[in-house]
Amino acid sequence: MMNIDLSINTTLVRDLLTRFIKSEISRTGFSRAVLGLSGGIDSALVAFLAAEALGAENVLAVRMPYKTSSTESLDHAQLVIDALKIPALTIPITGMADGLIEQFPEMSNMRKGNIMARCRMVTLYDQSEAFKGLVIGTGNKTEILLGYSTLYGDSAHALNPIGDLYKAQVRELSRAVGVPTVIIDKAPSADLWAGQTDEDELGFTYEQADRLLFLLVDQRFNPQECIEAGFEKKFVDLVSNRIRRNHFKRVMPPVAKISSRTANYDFLYIRDWGT
């Protein structure tokens, strides 16, 4: 197996991402941010970066538990709130989600999880208006490439500072900025149902996925070259198919073109309006 180095310059990346948050929010006329704080590493890292970029008082953390959510997740989110001294709300989504879930007793966990994720999106965007802050995304590069997200759920946001960091790099930067160790070291979970973990659901570890994705995406290896580098063909095919199948989650919805100036095709740039 070839050596694959995913390490980053944490000082440089930290500076780039805090400046990204500040510039992207301020250019829209805002100065505040809202994020869903799950108790996991991704949202914890984003909270630390946002507080550093905007000032703690300008970052609202929202905990949105469902009735099956673990108390550990709430406790870990509280560790971040206490460490950063940021404003916070806890808004249970059980009533919202169950209004639909209870109408379909045979509903699968996947359907339930998607409903919960979209209820959380609705909650965050409501608080975005109330707090007058933009919603910051918390999805990492590994999840985005694999499509491990809910469209118009946790994938909905105004900007995403960690979307170009693989999970291993999220862990590295989290240690550098001071995210509590208990959050960094625990098994990743969307906490959508009892006992759920990301890696059990995916069928492979983030460490395995990061290394393969780095070759496929960043290094532009083709699948055969990845196999020659030491990855099993079955795993390469699985990940390649996930990237291809979930591309629709990474782009704006396609628009049927019938004019000479179609939004998202020909009409793309702010400069078209003289700015």
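Considering only segment 100-115, I want to know if a residue exists there that is of a type in the set (K, R), in a helix (DSSP H, G or I), in contact with a Leu (Cβ under 8 Å, 6 or more places away or on another chain) and surrounded by fewer than 20 Cβ atoms within 10 Å (Cβ to Cβ). Yes, segment 100-115 has at least one match. Restricting attention to segment 7-31, which residues are touching a residue at least 12 places away in the same chain (Cβ under 8 Å) and part of a helix (DSSP H, G or I)? If the condition is that a residue be touching a residue at least 12 places away in the same chain (Cβ under 8 Å) and part of a helix (DSSP H, G or I), then T10, T11, V13, R14, L17, T18, R19, F20, I21, K22, E24, I25 are the ones that fit.
Residue pairs whose Cβ atoms lie under 7 Å apart, sitting 6 or more positions apart in sequence or on different chains, and linking a residue in segment 160-183 that is closer than 15 Å to F214 by Cβ and among the basic types (K, R) to a partner that is modelled with pLDDT of 95 or more and part of a loop (DSSP other than H, G, I, E, B), are K167/N140.
Determine if segment 2-19 includes at least one residue that is β-branched (V, I, T) and under 16 Å from G139 (Cβ atoms). Within segment 2-19, none of the residues are β-branched (V, I, T) and under 16 Å from G139 (Cβ atoms).
Taking the listed residues I91, I136, the one that is surrounded by fewer than 17 Cβ atoms within 10 Å (Cβ to Cβ) and touching a residue at least 12 places away in the same chain (Cβ under 8 Å) is I91, with no other qualifying. Evaluated against (1) within 24 Å of Q169 (Cα to Cα); (2) without any contact (Cβ under 8 Å) to a residue 12 or more places away in the chain; (3) not aliphatic (A, V, I, L, M), S73 falls short on exactly one condition, (2). In the set V34, V46, only one residue is closer than 17 Å to Q127 by Cβ, of a type in the set (A, V, I, L, M), in contact with a helix residue (DSSP H, G or I) (Cβ under 6 Å, 6 or more places away or on another chain) and touching a residue at least 60 places away in the same chain (Cβ under 8 Å); that residue is V34. On inspection, R120 does not qualify as surrounded by fewer than 18 Cβ atoms within 10 Å (Cβ to Cβ) and among the basic types (K, R). Counting only helices (runs of 4 or more DSSP H) that sit wholly inside segment 156-266, those with at least 2 residues that are surrounded by 14 or more Cβ atoms within 10 Å (Cβ to Cβ), of a type outside the set (S, T, N, Q) and under 19 Å from the mean Cα position of the chain (by Cα) are 167-177, 181-185, 198-202, 206-213, 233-245. The combined condition, being in contact (Cβ under 8 Å) with a residue 12 or more places away in the chain and either surrounded by fewer than 17 Cβ atoms within 10 Å (Cβ to Cβ) or aliphatic (A, V, I, L, M) (or both), is not fulfilled by A130.
For every residue, the table says whether it meets (1) among the acidic types (D, E); (2) touching a Phe, Trp or Tyr at 6+ places or on another chain (Cβ under 6 Å); (3) within 22 Å of D200 (Cβ to Cβ); (4) surrounded by fewer than 20 Cβ atoms within 10 Å (Cβ to Cβ).
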| position | (1), (2), (3), (4) |
| --- | --- |
| F20 | no, no, no, yes |
| G29 | no, no, no, yes |
| L45 | no, no, no, no |
| L54 | no, no, no, no |
| E72 | yes, no, yes, yes |
| Q78 | no, no, no, yes |
| M96 | no, no, no, yes |
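Among the residues of segment 94-117 satisfying the criterion of being of a type in the set (A, V, I, L, M, F, W, C) and free of Cβ contacts under 8 Å to residues at least 60 places away in the same chain, which is farthest from G178 (Cα to Cα)? Within segment 94-117, the match that is farthest from G178 (Cα to Cα) is F104. Residue pairs whose Cβ atoms lie under 8 Å apart, sitting 6 or more positions apart in sequence or on different chains, and linking a residue in segment 210-227 that is in contact (Cβ under 8 Å) with a residue 60 or more places away in the chain to a partner that is of a type in the set (D, E, K, R) and buried (at least 18 other Cβ atoms within 10 Å of the Cβ), are D210/K167; L213/K141. Do we have any residue at all in segment 32-55 that's closer than 20 Å to D164 by Cβ and among the basic types (K, R)? No: segment 32-55 contains no residue that is closer than 20 Å to D164 by Cβ and among the basic types (K, R). Taking first residues from segment 237-262 that are in contact (Cβ under 8 Å) with a residue 12 or more places away in the chain and over 21 Å from P223 (Cα atoms) and partners that are part of a loop (DSSP other than H, G, I, E, B) and among the aliphatic types (A, V, I, L, M), the Cβ contacts under 7 Å between residues at least 6 apart in sequence or on separate chains come to K249/L151. Is it true that L60 is within 15 Å of V179 (Cβ to Cβ), crowded, with 17+ Cβ neighbours inside 10 Å and touching a residue at least 24 places away in the same chain (Cβ under 8 Å)? Here the answer is no, as L60 does not meet what is asked.
The values are calculated or read from the model by the stated rules, or taken from the named source; none is laboratory data. None of the values given here were measured: they were computed from a predicted structure. Every residue, glycine among them, receives a Cβ derived from its backbone with ideal geometry; neighbour counts consider all protein chains shown.
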